[in-house]
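The next block holds one structure in the form of structure tokens; read it before the comments.
The values are calculated or read from the model by the stated rules, or taken from the named source; none is laboratory data. Note that the structure is a prediction, hence the values are computed from the model and not measured. Positions of Cβ are generated from backbone atoms using ideal geometry, with glycine treated the same way; all protein chains shown enter the neighbour counts. These area figures cover heavy atoms from the full protein model, side chains too; ligands, DNA and RNA do not enter into them. Shrake-Rupley method; radii C 1.70, N 1.55, O 1.52, S 1.80 Å.
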Amino acid sequence: MKNLFEQYPLINQLVSLKESEWFNPNTTTVDAALPYVGLTQADVQDASDRLTRFAPYLAQVFPDTAINGGIIESPIRAIEAMKSQLESQYDLPIPGKLLLKMDSHLPISGSIKARGGIYEVLTHAEKLAIQHGLLTLTDDYRQLDSEEFRSFFSQFSIAVGSTGNLGLSIGIMSAKLGFNVSVHMSADAREWKKAKLRSHGVNVVEYQSDYGVAVEQGRKEAEQDPNCFFIDDENSKTLFLGYSVAGERVKHQLEALDITVSKDQPLFVYLPCGVGGGPGGVAFGLKLAFGDHVHCIFAEPTHSPCMLLGVHTGLHDQISVQEIGIDNKTAADGLAVGRASGFVGRAMERMIDGYYTVSDSTLFSQLQTLAKTESIQLEPSALAGMKGPFVIYQQIDYLARLNYSNKALKNANHLVWATGGGMVPQTEMEKYLTIKT
Ligand SMILES: *Cc1c(COP(=O)(O)O)cnc(C)c1O
């Protein structure tokens, strides 16, 4: 361990809990990086097609998805007033547009987990129904909304370990289809999320310890039941693909806003990172959709910098923040993860430009500023990306490495991925909005 601190001096700074950043000098082009992912454009297309097959069913059982034809997607919004406010706070002008990807307002579960979590449940349901001869790919999937199907799915169970939002997505979707579902929740999971799950008929199992323990216990319980499917947030390629469908959709959304991505106008995307599946999957989709001129940067709490630590040291899931003396305690409950996914770090490290940490106090301060300037209310985790543009414009080496013209850097656009908050109860939100920062 002493050696590790000597070999990677940055770890000392992480341990000091100061806001830090690391921009990886070993990133490569998309083409060179793709073989390490082990997944392709065809896999993303397959996921997209599956979501299209389920869309009529989703539109029927979740009426708030009906206006979008059962496709679970969120808007992109320019946040000019927030941008001006941040520019004066940081005393740094940011050229280009500051855009917000509002996964906070995704239907069904109000967070980025409505992408991966719901997709994995649908994939499992489809597989079971096809295996048992109840469904074919060309059927009208609205038939899943029936007593026959609910009673079929009730013979099977689904389990997941979660800090909250993944549990919400998987719990609500599984229960709707008729599955028996257990959500193993870590100590930092919010009470209201547990209550909401119980109201949907989900079995909530509570732990006094952190996310890693909740996942392990969930995995163990599931192993004892051959009819139980354990959704593995740390290693699931299915979850990852559910997130990756966002890439192509963002491309269409930006086209509609007349925003192009090219060597003359790069796009920087700032993604809050917990275990890594959400931001990793989205980044994979974005790289496939846009190529080398989209740049993805991961943001983590100062108390939970697991992905930065794992990629920087090359140890990935072989090291936790606790092992270097960091407590993994943060108000950003969606990001309170001490050990990163080994799959995501290894698959995506060549395509992620950089990683930075942000303190809880910055998260709350920006949460409040966004509410004031734009009337958009998010949960703390969802603000992690907001500081991103102000981080990168101070990275002289990184910017030089990118090798863009000054004009291109001035034309760059910035997309902050707002990952959750749409379903936070008002009483809880009041606390976020009034907490001293
Ligand atoms: C889960 C979550 C993330 C990060 O996703 P990971 O897959 O854990 O990296 C970010 N923000 C919110 C609000 C989340 O719930």
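Peptides 351-361, 93-103 ranked from most to least packed, by the mean per-residue count of other Cβ atoms within 10 Å: 351-361, 93-103. Taken over the alpha carbons of segment 210-259 as equal point scatterers, the Debye sum produces base-10 log I(q)/I(0) values at 0.15, 0.17 Å⁻¹ of -0.58, -0.65.
Using only DSSP helix segments of four residues or longer, with each worth -39500 (n - 2.57), what per-residue ellipticity at 222 nm results for the chain after dividing by its residue count and rounding to 500? Don't skip to the answer; put the middle values down first.
Values: 20 runs with 199 residues, N = 437.
Result for the chain, helices only: -13500 deg cm²/dmol.
Accessible area per residue for the chain, computed on protein heavy atoms with a 1.4 Å probe, is 38 Å². Note on S209 and N235: the extension gain reaches 7.3 nm, defined as 0.36 nm multiplied by sequence separation minus the Cα-Cα distance. Taking label positions 7 Å along the Cα-Cβ direction at both K127 and D46, the computed distance is 1.1 nm, reported to one decimal.
Remark: the A256-D145 segment gains 36.6 nm on full extension, using 0.36 nm per residue and subtracting the alpha carbon distance.
Using only Cα atoms, tell me the angle between helix 277-290 and the longest principal axis of the chain; keep it within 0 to 90° and round to the nearest 10. Relative to the chain, helix 277-290 is tipped by roughly 70 degrees. With a simple spin-label model that places each label point 7 Å from the Cα along the Cα-to-Cβ direction, the separation between E430 and E80 comes to 3.4 nm. The mean sequence separation of alpha-carbon pairs under 8 Å and at least six residues apart, normalised by the residue count of segment 113-233, gives a relative contact order of 27 percent. For the set K196/K436; K194/K251; K194/K387; K97/K287; K97/K372; K101/K194, the pairs lying more than 24 angstrom apart at their alpha carbons are K196/K436; K194/K251; K194/K387; K101/K194.
Provide the packing ranking of 133-139, 383-389, 420-426, i.e. peptides ordered by the mean count of other C-beta atoms within 10 Å per residue, highest first. Show your work: numbers first, answer last.
On the way: 133-139: 11.4, 383-389: 27.9, 420-426: 20.4.
Ranking, from highest mean packing down: 383-389, 420-426, 133-139.
Could you order peptides 114-120, 44-50 by the average number of other Cβ atoms within 10 Å of their residues, highest first?
Values: 114-120: 29.7, 44-50: 18.4.
Packing proxy ranking, top to bottom: 114-120, 44-50.
The calculated P(r) of segment 3-89, using every Cα pair and 5 Å bins from 0, goes 3, 10, 9, 9, 8, 12, 15, 15, 12, 6, 3, 0 in percent. Near R50, once Lys and Arg are set to +1 and Asp and Glu to -1 for all other residues with Cβ below 12 Å from its Cβ, the sum equals -3.
Nearest 5 is fine: what % of DSSP beta bridges in the chain come out antiparallel, could you say?
Details: 8 of 43 bridges.
Beta bridges within the chain, antiparallel portion: roughly 20 percent.
Under a model in which nothing but the beta-carbon of Lys, Arg (+1) and Asp, Glu (-1) is charged, the chain shows a dipole of about 540 debye around its Cα centre. Separation of segment 341-392 and segment 282-329, taken as the distance between their Cα centroids, equals 12 angstrom. Within the chain, the proportion of C-alpha pairs whose separation exceeds 43 Å stands at 8%. If a paramagnetic tag sat 7 Å from the Cα of Y90 along the Cα-Cβ line, which residues of segment 298-315 would have the backbone N under 18 Å from that point? Output list for this probe position: 298-302. Here the Karplus curve 6.51 cos²θ - 1.76 cosθ + 1.60, taken at θ = phi - 60°, turns the phi angles of segment 256-272 into couplings of 5, 8, 6, 9, 9, 10, 7, 5, 8, 8, x, 10, 9, 10, 10, 10, x Hz, with x standing for Gly and Pro.
Relative contact order of the chain: 21 percent, from C-alpha pairs under 8 Å at least 6 residues apart in sequence.
Report in % the part of the accessible area of segment 97-179 that belongs to carbon and sulfur, leaving out ligands and nucleic acids; probe 1.4 Å.
Numbers: 1200 of 2410 Å².
Using a 1.4 Å probe with all protein chains present, segment 97-179 comes out at 50 percent carbon and sulfur.
Between Q155 and S16, the modelled label-to-label distance comes to 6.1 nm, taking each label 7 Å out from Cα in the direction of the beta carbon. Scanning residues 5 or more positions from V181 or on other chains, those with amide H under 5 Å from its amide H are I158, N203, with H placed 1.01 Å from N in the peptide plane. A simple rule links phi to the HN-Hα coupling: the Karplus curve 6.51 cos²θ - 1.76 cosθ + 1.60 with θ = phi - 60°, which for segment 356-366 gives 9, 10, 9, 7, 4, 5, 5, 4, 5, 4, 6 Hz, with x for Gly and Pro. What is the percent of Cα-Cα separations in segment 113-233 that go past 24 Å? Result: 23 percent of Cα pairs exceed 24 Å.
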